[in-house]
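A quick write-up on the structure given underneath.
Read the figures in this text as sums done on the coordinates, not as results from a lab. Just so you know, these numbers come straight off a predicted model, no measurement behind them. Cβ coordinates were reconstructed from backbone atoms using ideal geometry, including for glycine residues, and neighbour counts include every protein chain displayed.
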Amino acid sequence: MTSLSQPIPRAPEPTRTPAQQKKASAWNAELFLQFGRTSRGSVLQRADHKGPLYVQKAFYPEGPDLAQVYLLHPPGGMVSGDRLEISVNTGYDSHALLTTPGAGRVYRARPDRTLQHQINTLHLSAGSSIEWLPLETILYPDACTRLDTRVHLAENSHFIGWEITSLGLPNRGLPFSSGNLSQTLQINRGERILLRERLQIDDGNRALLDGSAGLRGKPVTGLMVAGPFDLAADENTEHSIEPLIKKLRLHADDCGALAAVSLVGEFLTVRYLGDQTDQAMKLFVRCWHEIRPELLGRPACEPRIWAT
């Protein structure tokens, strides 16, 4: 993730001796955000940070009921040993949308292969919602990274989120021909796992990148998740979601890449596989415009930072 300004350049580091590797510093960062409901609406009650990861303030372009927040990471990306931890809590009946003003980057790892790790943990109280809508993450060739997002739902809470990942630098002709990625999205309610998605790429399965049952040589992959939808409210509810699914499938068919929409348990998923992060973002934003009124009961209001 990046700040509103241009990322601070962090070129790949030169090969280090074992002694130099021991002295290599990690740029770790932590951010804790607490949202709550007050007489003024949904407010950002706490924003504690450690290291170069923070927010400036909450924005209210759609009124006091929902806070929009931009996550700022001035270094612009992760090098070996970096660990970013983002924790977001929403109190009862509070609503938050979180995004980033620029792409996240994971640079080439050092020879010691020290992990580059980002952990996002979202806790939702009853009646609350979180929209987790970051811009893309770019994995440089030979990165060694783990990206974990964990969502903990309470009763009658709702989540919309997406992940867009560029494997390598396709615009420069640099594929992800070396390096490791472990990417997980898991959604729980209590001890029950409602949805779990995992992508693992390493030297043991690198053929997945080009395989017909894998990524088919496409460098950009994306997943959008929204729910839970109350499919058990009555016997007609499942049919009531069909018009929404049809609209989403029209957007998927029209996006110019491989895309699919499906209902997985209580969640709608939109998947993208193609060549352009902008194309994936455009598809997800279009789908978000359709899903948001149905799931959260509010029209779409795009963060202003997306227009810059």
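A few points about this structure:
- Considering only Cα atoms, the convex hull volume of segment 128-250 works out to 144 Å³ per residue.
- 12 Å beta-carbon shell around residue 83, net charge (K/R +1, D/E -1): -2
- Listed pairs 57/247; 218/247; 218/246; 218/282; 50/282 exceeding 29 Å between Cα atoms: 57/247; 50/282
- Environment charge at residue 163 (Cβ cut-off 14 Å; Lys +1, Arg +1, Asp -1, Glu -1): +1
- Of the peptides 212-224, 55-67, the ranking by mean beta-carbon count within 10 Å, highest at the top, reads 212-224, 55-67.
- Calculated FRET efficiency for the pair residue 216/residue 177, C-beta based, R₀ 25 Å, to 0.05: 0.95
- Sorting the Cα pairs of the chain by distance into bins of 20 Å, from 0 upward, gives 33, 58, 9, 0 percent per bin.
- Of 72, 124, 91, farthest towards positive along the dipole that unit charges on Lys, Arg, Asp, Glu beta carbons give the chain: 72
- For segment 33-171, alpha-carbon Rg relative to the globular expectation (2.2 N^0.38 Å, N residues): 1.11
- Degrees between helix 277-296 axis and first principal axis of the chain (Cα, 0 to 90, nearest 10): 30
- Sum of side-chain charges, residue 66 neighbourhood, beta-carbon under 9 Å (Lys, Arg +1; Asp, Glu -1): -2
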